[in-house]
Amino acid sequence: MDAVLAGNAMHWFDMATAGPEIARVLAPDGVLAGLWNLMDDQVEWVAALARVGGDAAVGSRDTPAAWRAETAAMHLPGDGTAARFGWPRQAEFPHGQRRTADSLVATLATRAGMLVMPEPERDATLARIHAFLATRPETARGEFTLPMRTGVLRVRRL
């Protein structure tokens, strides 16, 4: 194979186990890549949304700077065995998603951190996010575009 692509899931890989198998099926110089959809917290209201929602709603791989730090060594095995892949390259590509306050809150409610919260805490967090969106001129009326970036991590087989 020339490439293995993990869409928004590479962080689930145990690279001590998966890395050798991925390297085995890749051609020499083959590529392992992961994709993540990120909220663009360089936009002020998105950064404020991340603060209001907290880590359960907007987690450690959900914004560009945090994503870069979280994924920089993701291709390395965590058990000290030899790396199967070379130096990582990261890139980001801007885009946006059409949303309403209700659709954004509904999506944030599906995040793993939100799903494991006790129900009263989850309900309070979602209400706080919804109230925040209702106060922002960018998000208070109907549809808006949520500024996003797609983050790509790419490594080549050694």
(request) Could you please find all residues in region 105-134 being surrounded by fewer than 11 Cβ atoms within 10 Å (Cβ to Cβ) and outside any loop (DSSP other than H, G, I, E, B)? (result) 112, 115, 119, 120
(request) Return only the number of the condition from (1) assigned to a loop (DSSP other than H, G, I, E, B); (2) of a type in the set (Asp, Glu); (3) closer than 20 Å to residue 151 by Cα that residue 29 does not satisfy. (result) (3)
(message) For region 5-46, give me the residue count where each residue is farther than 24 Å from residue 58 by Cβ and either buried (at least 19 other Cβ atoms within 10 Å of the Cβ) or among the aliphatic types (A, V, I, L, M) (or both).
(response) 12
(request) Give region 139-158 a look and list any residue that's loosely packed, with under 15 Cβ neighbours inside 10 Å and assigned to a loop (DSSP other than H, G, I, E, B), or say none. (result) 140, 141, 142, 143, 158
(request) Could you please find all residues in region 86-104 being in contact with a Lys or Arg (Cβ under 6 Å, 6 or more places away or on another chain) and assigned to a strand (DSSP E or B)? (result) 89, 90, 92, 94
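Values quoted throughout were computed directly from the atomic coordinates according to the rules given, and no laboratory measurement underlies them. Please read all numbers here as calculations on a predicted model, not as lab measurements. Glycine also receives a Cβ, built like all others from the backbone with ideal geometry; neighbour counts cover every protein chain displayed.
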